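Q: Below is the structure I would like to discuss, written out as structure tokens.
Coordinate-derived values only; no laboratory data. What you are looking at is a predicted structure, and each value in this text was computed from that prediction instead of being measured. Glycine also receives a Cβ, built like all others from the backbone with ideal geometry; neighbour counts cover every protein chain displayed.
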């Protein structure tokens, strides 16, 4: 057997870890985009920091980094974050929200395939979302402009809002109902009625 793969951290913790203003801002971002925890947000912030660092190197006129420009601009333009003819100085103005908007979870919600960010994450992790007919179960998958038109349901599901009396389970998020039907309650109530009828006979 070969050596086991060493897992590396995909994020760096912020320097001002205990800054209350930063914590509240990060919490608001997590709630807005339905992220699982701080680690997912920190991974995006780390990627953004790496992009800015490379851009500053290019703006400083350092030699040997000519291919970095093409890689950065090509990748970000492919994701629809910037245009292909953007100036390097504009890349320093990128925000975490620009990258978060290209996550599969965000695109599923923006396209109307889910009624909330939470539901979008649930549909993805449960295998209901596909790109070009292939199931994708990673909420953090970065969707390109070309792939966005190929998004759809991998298997049929009804996410239309239902009333409580129709047997639809209400989700954790206030005002949002899950698309999963609950049949156990109806089955249990019918079984109780049949037991009562048998006793009366």
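Q: Determine Rg/Rh for region 62-133; Rg is computed over alpha-carbon atoms and Rh is the Kirkwood hydrodynamic estimate from the same atoms.
A: 1.12
Q: Now a separate question. Take peptides 151-157, 57-63 and line them up by average Cβ neighbours within 10 Å, highest first, as a rough protection proxy.
A: Per-residue mean Cβ counts within 10 Å order the peptides as 151-157, 57-63.
Q: Shifting gears a bit: Report Rg (one decimal) and Dmax (nearest whole number) for region 1-156, counting Cα atoms only, units Å.
A: 17.4, 54
Q: For the pair residue 162 and residue 66, what calculated FRET efficiency results from E = 1/(1 + (r/R0)^6), where r is the Cβ-Cβ distance and R0 = 45 Å, to the nearest 0.05?
A: So, using R0 = 45 Å, E works out to roughly 0.20.
Q: Still on this structure, please answer the following. Among 100-109, 20-29, 68-77, how do they line up by average Cβ neighbours within 10 Å per residue, starting with the highest?
A: Answer by packing, highest mean first, reads 100-109, 68-77, 20-29.
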